[in-house]
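Take a look at the structure set out below.
The values are calculated or read from the model by the stated rules, or taken from the named source; none is laboratory data. Values in this document were obtained by computation on a predicted structure and should not be read as measured data. All Cβ positions, glycine included, derive from the backbone under ideal geometry; neighbour counts span all protein chains shown. With ligands, DNA and RNA removed, areas are computed over all heavy atoms of the protein, side chains included. Shrake-Rupley method; radii C 1.70, N 1.55, O 1.52, S 1.80 Å.
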Amino acid sequence: MLKTEMITEIIKINPNAPEEQYLEKAADILRQGGLVAFPTETVYGLGACINNRDGLKRIFTVKGRPGDNPLITHLYTWEQLSEIVLEVPERALVLAKKFWPGPLTMILPKKETIPPEVTAGLPTVAVRVPAHPVALEMLRKTKIPVAAPSANLSGRPSPTRGSHVISDLNGKIEMILDAGATGVGLESTVLDLTSPRPRILRPGGVTLEMLEGVFGKGGVEAPQFTNVKRPLAPGMKYRHYAPKAPLCLYSGPQEKINRILSEKVEEDLKAGKKIGILAYDEDRSYYELPGLHFFSLGTRSHPEEGAERLFYLLRLSDEIGVEYIYAVAPPRIGLGEAVYNRLWKASGGKVEEI
Ligand code: AMP
Ligand code: MG
């Protein structure tokens, strides 16, 4: 059992014009080996300096994170890449200049000096420059690269609001920088650049279509997360992003899904179950009917709306205590692929193709 014996400094920081003194304080804590949770444009991160092995180990302890799940190293400029990786390939530079700061994590062979806690013992390292003024300025002041996974307890949906971090990590880390809601709302795209053809290991804010703009059609290996026996990205094997209630994902034409779900819901309601529907409504993000809780991912054809609020809604469903969630998949194009991936993860692979 983890003891909660420390006082966490919780700071409301301006997301657009972060206050200097708070950034300085966060950088000081990090340089001294402490842990700071900070906002990025994807989700909140839980950071420790990569040169402090005790700090890095604490990330795993406070999150309850399995030791074989590597961290992402955060930089404030691509120019720091040479501190982290063995060599900087031309295509990494092209991507960095196009997509950084932004939600693209690149996997490259690591320098020997990078401690094993950062990479979970792998010979490769994950690296990115986040596009959030708080993260960027904090990293600039810290100077040392900061390794950070998402700032949630392992197994829980990633935090996209400061309040999510507070509910998971208050009393366990030195500081939480609360800048309200993050932007994209889903974790970064993870792109493996160690194979001849770049491979997407985890879909995210930089989409397949955007990467094909650089490498050409067919020049990038699309993410393969459904029904794989051995996951390519270590973190992908765990059932995370998950609400407490079991979730079943329905994929197919909307009208057919509606018909099937209305029958199922009727049965469940008769049986007195507290049901959650995770689907699409352009006007409202949440509403309640007797026994039924409707969580809306926004407009079905605008996956960025669903991405932004998916984890918030999964956490809300936990708070409400729904017993079963029926989720409707978005079209798997653009950012829709990443939303689909997180829903699939949340379902533990339970998908009904209609
Ligand atoms: P999180 O920031 O919590 O999403 O965790 C970082 C994720 O990045 C891990 O779970 C992996 O999926 C991915 N990752 C980090 N390092 C590597 C690596 N060396 N090779 C492949 N995937 C990685
Ligand atoms: Mg995570």
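Remarks
- Heavy-atom accessible area per residue - the stretch 166-208, 1.4 Å, Å²: 26
- The sum of -39500 (n - 2.57) across all DSSP H runs of n ≥ 4, divided by the residue count of the chain, sets its helix-only mean residue ellipticity at 222 nm to -9500 deg cm²/dmol.
- Normalised by 2.2 N^0.38 Å, where N counts its residues, the alpha-carbon radius of gyration of the chain equals 0.98.
- The share of accessible area on the stretch 58-179 that comes from carbon and sulfur is 55 percent, using a 1.4 angstrom probe.
- Highest-first arrangement of 301-307, 16-22, 34-40, where packing means the average Cβ count within 10 Å: 34-40, 301-307, 16-22
- Amide H partners (placed H, <5 Å) of Glu221, local residues excluded: Arg199, Ile200
- Around Leu249: net Lys/Arg minus Asp/Glu count, Cβ-Cβ under 11 Å: +1
- Sites matching GluC sites (Glu not before Pro) across the stretch 90-121 that sit in DSSP coil, with at most 13 neighbouring C-beta atoms within 10 Å: Glu112
- Modelled spin labels at Lys57 and Leu289, positioned 7 Å past Cα toward Cβ, are 5.4 nm from each other.
- Extension gain for Glu352 to Lys111 (0.36 nm times residue separation, less C-alpha to C-alpha distance): 82.4 nm.
- Carbon + sulfur, % of accessible area of the stretch 305-345 - ligands and nucleic acids excluded, 1.4 Å: 54
- In sequence order, calculated HN-Hα J values of the stretch 264-272 (Karplus, 6.51, -1.76, 1.60; Hz; x Gly/Pro): 5, 5, 4, 4, 4, 5, 4, 7, x
- Positive minus negative residues near Ala307 (Lys, Arg vs Asp, Glu; Cβ under 12 Å): -4
- Amide H to amide H distances under 5 Å link Lys110 with Leu86, Thr124, Val125, where only residues 5 or more positions off or on other chains count and H is placed in the peptide plane.
- Across the protein chains, with a 1.4 Å probe defining accessible surface, the residues Leu169, Leu316 rank Leu316, Leu169 from largest area downward.
- Over the stretch 245-341, accessible surface divided per residue gives 45 Å², non-protein components excluded, 1.4 Å probe.
- Under-5 Å amide H pairs with Leu75, H placed in peptide plane, nonlocal only: Arg128, Val129
- Taken about its Cα centre, the chain carries a charge dipole of about 900 debye when Lys and Arg each add +1 at the Cβ and Asp and Glu each add -1 at the Cβ.
- For the stretch 48-111, the solvent-accessible area of protein heavy atoms averages 42 Å² per residue (probe radius 1.4 Å; ligands and nucleic acids excluded).
- For the chain, the longest principal axis of the alpha carbon atoms and the long axis of helix 336-346 meet at an angle near 80°.
- Counting only DSSP beta bridges whose two residues both lie in the chain, roughly 40 percent are antiparallel.
- Along the axis of the charge dipole computed for the chain (Cβ charges of +1 for Lys and Arg, -1 for Asp and Glu, origin at the Cα centre), the listed residues Ala242, Pro70, Met138 are led at the positive end by Pro70.
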